[in-house]
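See structure below.
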Amino acid sequence: MRIAVIGAGNWGTGLAIMAARAGHDVSVWSRNSAVVASINDTHTNSDYLMGASIPEAVRANENIGEVLAAAELVILAAPSHATRALLETMRALLPPDSIIVSATKGIEIESGKRISQVVTDVMSERVAPRFVCLSGPSFATEVVQNHPTAIVAASDDSTAARVVQSELSFENLRIYTNDDLVGTELGGSVKNVMAIAAGMAAGLGFGSNSVAALITRGLAEMTRLALREGAKLETMMGLAGLGDLVLTCSGSLSRNRFVGQELGKGRSLKAIAAGMHEVAEGINTTRAVKKLADRLGVEMPITNEVHAVLYEGKPARDAVQGLMRRPLRVEANW
């Protein structure tokens, strides 16, 4: 197949490599001319995926129209805050029969909309039914190093989901399908907020007990929100929910966990963000999730404390203490 990857960051590059290994013709769009030259000239992307060899079947281009031309699968791998503007640019250029595959894990801050809803807004019903969300526990570095990895392709269109499954599954990358777009998108987004909380606990010097508690209560919190939005419980217990949550909260390659860890050590968000090469989606997603939860009346105490640390100047230690001092209660169902 002809596959277009929009965004040459860590995961976009990783997916481009895996698609090329599976035998596809891959074009990558980046607005960064140095990244484009690196991919085309040296078959590397040292800015975002150092050490990975990029197959010759992958070509990069700054012209998004040329990247999209005749594409059958279009993988969105740009940060969530840039997705709407990119889609508006792509609208007149997108081949009408292509499948949009979102590899972006975030929620639009202003609207509280998931990426599928943003696609519907911008592209209209002509494209919305051909949308697939690709999510699950997957550090790009480990995927391209042939570590066994399992993720999910979720869609309201079972045929589109199976196309993504069959065309992108290859050797160490195994893709399952489901029909729960809401749960898959929310799981992939909210887990980044929980990872910041887990990182704060680690940065404060707390051990495995604390991180395990945050993962477990974080799962309850993200499940409450997802079920309110119409998701399925089994999705939250699967790869796109629990699986991605565990990885992002405990893995050393997690950017969101790193942000939380540095906050726990007392550094400011501004200083942390200034030193990061890639976006930690949880920073913006925290704002979006809090707005969505407040609007729906869903109790999300961990999200509230992370928001207070990121945007209200609350010390990380005080946030953890705030969680521990909440009224005692039964461990209720979702």
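The values are calculated or read from the model by the stated rules, or taken from the named source; none is laboratory data. Just so it is clear, the structure is predicted and the values come from calculations on it, not from any experiment. Reconstructed Cβ throughout: ideal geometry from the backbone, glycine too, with neighbour counts over all protein chains shown.
For every residue, the table says whether it meets (1) more than 30 Å from L263 (Cβ to Cβ); (2) in contact with a Ser or Thr (Cβ under 6 Å, 6 or more places away or on another chain); (3) assigned by TED's automatic domain parsing to the domain that holds D318.
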residue	(1), (2), (3)
A154	yes, yes, no
A160	yes, no, no
V163	yes, no, no
E167	yes, no, no
F170	yes, no, no
A195	no, yes, yes
G199	no, no, yes
A202	no, no, yes
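On the basis of being touching a residue at least 60 places away in the same chain (Cβ under 8 Å), assigned by TED's automatic domain parsing to the domain that holds V298 and part of a helix (DSSP H, G or I), does G241 make the cut? Here the answer is no, as G241 does not meet what is asked. Quick check, is S27 among the small types (G, A, S) and part of a helix (DSSP H, G or I)? No.
Of the residues T141, T149, T104, the single one that is in contact with a strand residue (DSSP E or B) (Cβ under 7 Å, 6 or more places away or on another chain), outside the structural domain of R255 (by TED's automatic domain parsing) and over 28 Å from A69 (Cβ atoms) is T149. What residue, of A231, A213, A226, is farther than 23 Å from Y176 by Cβ and not acidic (D, E)? Going through A231, A213, A226 in turn, the sole match is A213. Looking at (1) assigned to a helix (DSSP H, G or I); (2) within 30 Å of M1 (Cβ to Cβ), can you tell me which one C249 breaks? Among (1) assigned to a helix (DSSP H, G or I); (2) within 30 Å of M1 (Cβ to Cβ), C249 violates only (2). Mind checking whether some residue in segment 44-65 is of a type outside the set (V, I, T), in contact with a helix residue (DSSP H, G or I) (Cβ under 9 Å, 6 or more places away or on another chain) and at positive phi? Looking through segment 44-65, at least one residue is of a type outside the set (V, I, T), in contact with a helix residue (DSSP H, G or I) (Cβ under 9 Å, 6 or more places away or on another chain) and at positive phi. Filter segment 252-262 down to residues that are without any contact (Cβ under 8 Å) to a residue 60 or more places away in the chain and part of a helix (DSSP H, G or I) and give me whichever is surrounded by the fewest Cβ atoms within 10 Å (Cβ to Cβ). The qualifying residue surrounded by the fewest Cβ atoms within 10 Å (Cβ to Cβ) is F258. Take R317 and decide whether it is surrounded by fewer than 13 Cβ atoms within 10 Å (Cβ to Cβ) and over 30 Å from N45 (Cβ atoms). Judged against the criteria, R317 is not a match. Listed conditions (1) within 21 Å of the chain's Cα centre (by Cα); (2) in a loop (DSSP other than H, G, I, E, B); (3) not hydrophobic (A, V, I, L, M, F, W, C) are all met by K291, apart from (2). If you filter segment 294-317 down to residues that are of a type in the set (K, R) and in a helix (DSSP H, G or I), you find that the one that is nearest to G260 (Cα to Cα) is R317.
For beta carbons closer than 8 Å, sequence separation of 6+ or different chains, a first residue in segment 310-334 that is at positive phi and a second that is part of a helix (DSSP H, G or I), there are no qualifying pairs. The requirement of being out of contact with any Leu (no Cβ under 8 Å at 6 or more places or on another chain), surrounded by 24 or more Cβ atoms within 10 Å (Cβ to Cβ) and aliphatic (A, V, I, L, M) is fulfilled somewhere in segment 213-221, by at least one residue. Sort through K265, K291 and tell me the only one that's in contact (Cβ under 8 Å) with a residue 60 or more places away in the chain, closer than 22 Å to T223 by Cβ and surrounded by fewer than 17 Cβ atoms within 10 Å (Cβ to Cβ). That would be K291, the only listed residue that is in contact (Cβ under 8 Å) with a residue 60 or more places away in the chain, closer than 22 Å to T223 by Cβ and surrounded by fewer than 17 Cβ atoms within 10 Å (Cβ to Cβ).
All of K113, K105 fail the test of being within 27 Å of S252 (Cβ to Cβ) and among the basic types (K, R), apart from K105. Screening E171 with (1) within 15 Å of L245 (Cα to Cα); (2) surrounded by fewer than 16 Cβ atoms within 10 Å (Cβ to Cβ); (3) touching a Lys or Arg at 6+ places or on another chain (Cβ under 8 Å) gives one miss only, at (1).
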